[in-house]
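Here is the structure we will look at.
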Amino acid sequence: MAQIDLLGDVGEIIDLDAVAGSWPQRRADISVGRLLSMMDRHGVGRACTVSARGILYDDAEGNAETLAWCRDNPRLIPVGTIDLRKFAGYRAEIARLNAAGVRLWRLFPEHQGWTFELATFRRVLSALEDAGAVLFVSGQPSAVARAVAGARLPVILGVHFYQMADLLATLEEGAGLCISTRLLHGPGVLGRLVQAMGHERIVFGSGAPLASLGSALGCIAAARLPAEQRAAILGGNLRRLLGVGDDR
Amino acid sequence: MIVDAHAHIGKWYYPTAQLTVPDMLAYMTRYGIDVSILSSTLAIVYDAREGNQELAQAIEGCPQLLGYVSVNLNYLEESLEELDRYLGSGAKQGGAARFVGVKVHPLLARHRYDTPEGMALTRAVAAYGVPILVHTFGSALESPWNVLPAARANPEVPIILGHMGGDCWWEGIRVARESPNLYLEVCSTWTDPEKVRLAVAAVGAERVLFGSDATLFDAAYALGAMEDAGLSAEERALIMGGNARRLFGIKRS
């Protein structure tokens, strides 16, 4: 497809937003093998991968599974998660994964039914700060910005472009959020966001294999950004955030 | 030949690029889309009559652009007049002659399709021999199951389940299996790589259509998803254009 060809040479592509395991809510193959084959098909070098078991069932079991996958497949970067519905043991779990080299953490209010004003979120946020983590969450920009204001860690926000007005207003108020590209598929949205916040805090994410990598990459190509901005969004910015090198 | 069976023209209430007809023609060229079938955002969001009129003017003189007559089930009488205005025997002049289907948006009108108005509209459309594109998603108001009674009662009317159920696309597939005049149009924020493949397995490639939801979405999003659908060349040819050409009577230029 022409839109993918338009990406050109962008260096190593790293996907912020990948998941693996099993998905009960609809029929989907999200096995590690499927994820790797999608990455191969689209030229994605590495993917930050979280266990669906950790999101939906048991965070510690899921995190253990993630570490095992990533040991076997160096192209997968491990992502830790804490289930705020359980909360118990979160500090030990964060310390355990931190010792194993996990830097990126994801929390899932959209799957676990909690909101950012809860004390559980504040406590886990504090523990992640102490661990020197990077946090990736999805939510309403205003609510996330309010909840993480003053936090001592980088926060990456997943946001649908339907919430773009709130996102732009939040950025105008000085929020230092990083933004995932996953759901920025409205025409001109990525370019508008680069104008509003620069390109250094925008990070490529796809949702693969639950969502199409072709769609996610197509939107980056469609934005027709200068080559250095495109390369930064597709990999360089995340490498900097996570402190990892170029693996090519 | 690629036909985009689900596209729009007009303003959106998001801070996105507001694409004009020249913008749309430019991106169609860029992506290799030969024909786009449009509904007016003004028509589906606010005033159907005003929007249809604006659309007729917009597509006049653009052979790559065809139109859906948008109707609002809260205004049945006026909707039937719109059908006649753009699809009836008098509608052969200028832009009016380029309308090839009917668009219904149950969510934006807050009006379910499984109502007397939905049934009456479907019956009326039968006289014009064109397909109906019905927006479908997961909520009760816009569920694809709401379309089934009218489809069964009017087997000669092709009804396209827009977004194939969206965030519950598997429900769209189940519904389409229930009536042979139901078709699945694939675009939505949910780009599960499996969904097009499962749609084809359930109802055959002949009843699946490509759409982009441009200008709400960048067409690159839907085109990229089709790359991951795992289709054979024959299936792809049908879905990307062959089915739409057959359903809407589009001839190769």
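A few comments on the model shown:
- For residue A:226, the conditions (1) more than 16 Å from the chain's Cα centre (by Cα); (2) crowded, with 24+ Cβ neighbours inside 10 Å; (3) away from chain B (no Cβ under 12 Å) are fulfilled apart from (2).
- For region A:140-158, the criterion of being of a type outside the set (Asp, Glu) and within 13 Å of another protein chain (Cβ to nearest Cβ) is met by at least one residue.
- Beta carbons closer than 6 Å, at least 6 apart along the sequence or on distinct chains, pair a first residue in region A:71-97 that is under 24 Å from residue A:113 (Cβ atoms) with a second that is part of a loop (DSSP other than H, G, I, E, B) and at pLDDT 95 or above for A:80/A:102; A:84/A:114; A:90/A:82; A:94/A:131.
- In region B:1-18, the qualifying residues are those that are out of contact with any helix residue (DSSP H, G or I) (no Cβ under 6 Å at 6 or more places or on another chain), within 23 Å of residue B:50 (Cα to Cα) and crowded, with 23+ Cβ neighbours inside 10 Å, and the one that is nearest to the other protein chains (Cβ to nearest Cβ) is B:7.
- Looking only at residues in region A:38-64 that are within 14 Å of another protein chain (Cβ to nearest Cβ) and not in a helix (DSSP H, G or I), the one that is farthest from residue A:244 (Cα to Cα) is A:43.
- The residue list A:76, A:35, A:67, A:7 contains one member that is more than 14 Å from chain B (Cβ to nearest Cβ) and closer than 25 Å to residue A:179 by Cβ, which is A:76.
- The residue pairs whose first member lies in region B:44-62 and is touching a residue at least 12 places away in the same chain (Cβ under 8 Å), whose second member is crowded, with 19+ Cβ neighbours inside 10 Å and of a type in the set (Val, Ile, Thr), and whose beta carbons are closer than 6 Å, counting only pairs six or more residues apart or on different chains, are B:48/B:71; B:52/B:69; B:58/B:9.
- If you filter region B:19-43 down to residues that are outside any helix (DSSP H, G or I) and touching a residue at least 40 places away in the same chain (Cβ under 8 Å), you find that the one that is nearest to the other protein chains (Cβ to nearest Cβ) is B:19.
- When region A:109-124 is limited to residues that are free of Cβ contacts under 8 Å to residues at least 40 places away in the same chain and in a helix (DSSP H, G or I), the one that is surrounded by the most Cβ atoms within 10 Å (Cβ to Cβ) turns out to be A:121.
- Tally, over region B:28-66, of residues that are within 21 Å of residue B:13 (Cα to Cα) and of a type outside the set (A, V, I, L, M, F, W, C): 11
- Among all positions in region A:183-198, there is at least one residue which is surrounded by 23 or more Cβ atoms within 10 Å (Cβ to Cβ), on the phi < 0 side of the Ramachandran plot, part of a helix (DSSP H, G or I) and over 18 Å from the mean Cα position of the chain (by Cα).
- No other residue among A:102, A:79, A:137 is closer than 13 Å to residue A:63 by Cβ and part of a strand (DSSP E or B) apart from A:79.
- Across region A:149-166, the qualifying residues are those that are within 16 Å of residue A:108 (Cβ to Cβ) and not in a strand (DSSP E or B), and the one among them that is farthest from the chain's Cα centre (by Cα) is A:160.
- Out of B:75, B:27, sole residue that is hydroxyl-bearing (Ser, Thr, Tyr) and under 25 Å from residue A:185 (Cβ atoms): B:27
- Every residue from region B:204-249 that is of a type in the set (A, V, I, L, M) and within 14 Å of chain A (Cβ to nearest Cβ): B:214, B:216, B:219, B:220, B:222, B:223, B:225, B:226, B:229, B:231, B:240
- Residue within region A:229-245 that is facing chain B (nearest Cβ under 8 Å) and either in contact (Cβ under 8 Å) with a residue 12 or more places away in the chain or within 23 Å of residue A:41 (Cβ to Cβ) (or both) present: no
- All positions within region B:59-93 that are among the hydrophobic types (A, V, I, L, M, F, W, C) and buried (at least 20 other Cβ atoms within 10 Å of the Cβ): B:59, B:65, B:66, B:69, B:71, B:73, B:83, B:87
- Among the numbered conditions (1) out of contact with any Gly (no Cβ under 8 Å at 6 or more places or on another chain); (2) free of Cβ contacts under 8 Å to residues at least 40 places away in the same chain; (3) β-branched (Val, Ile, Thr), the only one that residue A:137 does not meet is (1).
The values are calculated or read from the model by the stated rules, or taken from the named source; none is laboratory data. Just so we're clear, the structure is a prediction, and the values are computed from it rather than from any experiment. Note that each Cβ is placed from the backbone with ideal geometry, even for glycine, and that neighbours are counted across all protein chains shown.
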